[in-house]
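For reference, the structure is listed below as structure tokens.
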Amino acid sequence: MTDDRSRDPRAKGINRQGKSVEHGVPAGDGRGGGTSQWARAAAARRSSVPVFAQAIAAQARGAVADMTLLGVTVSALLLSLSLAAGVPSDLGTASAAEKELAVVPLSAVVAVYAAVMATIYGSFRYTIDLRVGVVAQRATLQPRGAAIAARVPFTALGGAVVAGLALAGGRVALAPVLGTTGLGPGVVAGTLVVGAVAALWGLGVGLLVRAHLFALFVAPLSLSVALFVGAMWPEPAGWMPLPAMLHAVGFDLASLGIVPAASGHILEPAVSTAITATWTSATLGAGIVSFLRRDLA
């Protein structure tokens, strides 16, 4: 009596193409080292997650001893404290309504300080790492895509920290005459968002410029130039990055001299949000493309 299993090619470990199999799955064709193409692709997908996790961990370790963040936050704090010199002392005896009116432009000024200093931080955090060789060293251990993707959220977080210290310094400077007037959740959240977005703008500029000292001038100037343009051409200035950032989160542009006097038309906050997203995405995207293609030496 003949065993039916002897007629089944799978039972003999041989398929019809003459290849060894195990439970009906090819064990290899001599070129794949015993691993099929789909298995190698699945392993590659699984390995991409640990690579990104390693990049995140590397950024987290760097954030613990981020001397750039420390230096910029101290500078932002001192810059905001200087507001005390420009606040009239008799404002402390003004009515609550007058204080509310006075704090609006001051909050916008603090947000500008936060944006400029956060831009410097975003640029410096990359250019310093590039100059001392940290970026090149990590590129030998991690794919460039994972390294830059991990850098983005930590840069935004650092920008928010810088903005928070700028806001704290400004409120300390204003406390003797204004107390906590005008310090609402909207102002706090808006300032932090401006700082985070401005840091990403600075990162994009730093990725493009790369030169450390040159970035010190280019990064903040690329934002603050809108204030000079706004004095002469207020309506076009509203489409520039800094005014769009501020207006998107509710800060008054008129207090910065950006007043659409000709037509009286003011952009909607949703439009300013779209403008901000477009400017920031374009700058950061161009910087990332440059980072992926250029030599890191």
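One line per residue, one yes/no per condition, for (1) within 23 Å of T73 (Cα to Cα); (2) touching a helix residue (DSSP H, G or I) at 6+ places or on another chain (Cβ under 6 Å):
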{"position": "T180", "(1), (2)": "yes, no"}
{"position": "W201", "(1), (2)": "yes, yes"}
{"position": "A219", "(1), (2)": "yes, yes"}
{"position": "V225", "(1), (2)": "yes, no"}
{"position": "A231", "(1), (2)": "no, no"}
{"position": "A237", "(1), (2)": "no, yes"}
Out of the stretch 55-108, which residues are outside any helix (DSSP H, G or I) and either more than 18 Å from the chain's Cα centre (by Cα) or over 18 Å from A196 (Cβ atoms) (or both)?
-> A65, V87, P88, A94, S95
Quick one: A102 ticks every box in (1) open to solvent by less than 30 Å² (accessible area, probe 1.4 Å); (2) closer than 24 Å to A166 by Cα; (3) among the hydrophobic types (A, V, I, L, M, F, W, C); (4) modelled with pLDDT of 85 or more bar one, so which box is it?
-> (4)
Does the stretch 161-176 include one or more residues that are open to solvent by less than 30 Å² (accessible area, probe 1.4 Å), at pLDDT below 95 and touching a Lys or Arg at 6+ places or on another chain (Cβ under 7 Å)?
-> no
Quick one: is R61 among the basic types (K, R) and at pLDDT 85 or above?
-> yes
Here are some residues: A211, A189, A226, A254. Which one is open to solvent by 30 Å² or more (accessible area, probe 1.4 Å) and over 20 Å from the mean Cα position of the chain (by Cα)?
-> A254
Checking L216, L284 in turn, the sole residue that is open to solvent by 60 Å² or more (accessible area, probe 1.4 Å) and within 22 Å of V135 (Cα to Cα) turns out to be L216
Could you give me the residue pairs with C-beta distances under 9 Å whose first residue belongs to the stretch 83-98 and is open to solvent by less than 70 Å² (accessible area, probe 1.4 Å), whose second residue is of a type in the set (D, E, K, R) and in a helix (DSSP H, G or I) wherever it lies, and which are 6+ apart or on separate chains?
-> L91/E98; L91/K99; G92/K99
Can you tell me which residues in the stretch 53-78 are touching a residue at least 12 places away in the same chain (Cβ under 8 Å) and surrounded by fewer than 12 Cβ atoms within 10 Å (Cβ to Cβ)?
-> A60
Of the conditions (1) open to solvent by less than 30 Å² (accessible area, probe 1.4 Å); (2) assigned to a helix (DSSP H, G or I); (3) of a type outside the set (D, E, K, R), the single one that L157 does not satisfy is (1)
Does at least one position in the stretch 74-85 carry a residue that is modelled with pLDDT of 80 or more and in contact with a Lys or Arg (Cβ under 6 Å, 6 or more places away or on another chain)?
-> no
Which residues, counting only those in the stretch 120-152, are without any contact (Cβ under 8 Å) to a residue 12 or more places away in the chain and part of a helix (DSSP H, G or I)?
-> V132, Q137
Out of the stretch 229-250, which residues are of a type in the set (A, V, I, L, M, F, W, C) and open to solvent by less than 10 Å² (accessible area, probe 1.4 Å)?
-> A237, L242, A244, M245, L246
How many residues of the stretch 209-229 are over 21 Å from A108 (Cβ atoms) and aromatic (F, W, Y)? The answer is 2
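The values are calculated or read from the model by the stated rules, or taken from the named source; none is laboratory data. This is a predicted model, so every value here is computed, not measured. Every residue, glycine among them, receives a Cβ derived from its backbone with ideal geometry; neighbour counts consider all protein chains shown. These accessible areas exclude ligands, DNA and RNA; they are computed on the full protein's heavy atoms, side chains included. Shrake-Rupley method; radii C 1.70, N 1.55, O 1.52, S 1.80 Å.
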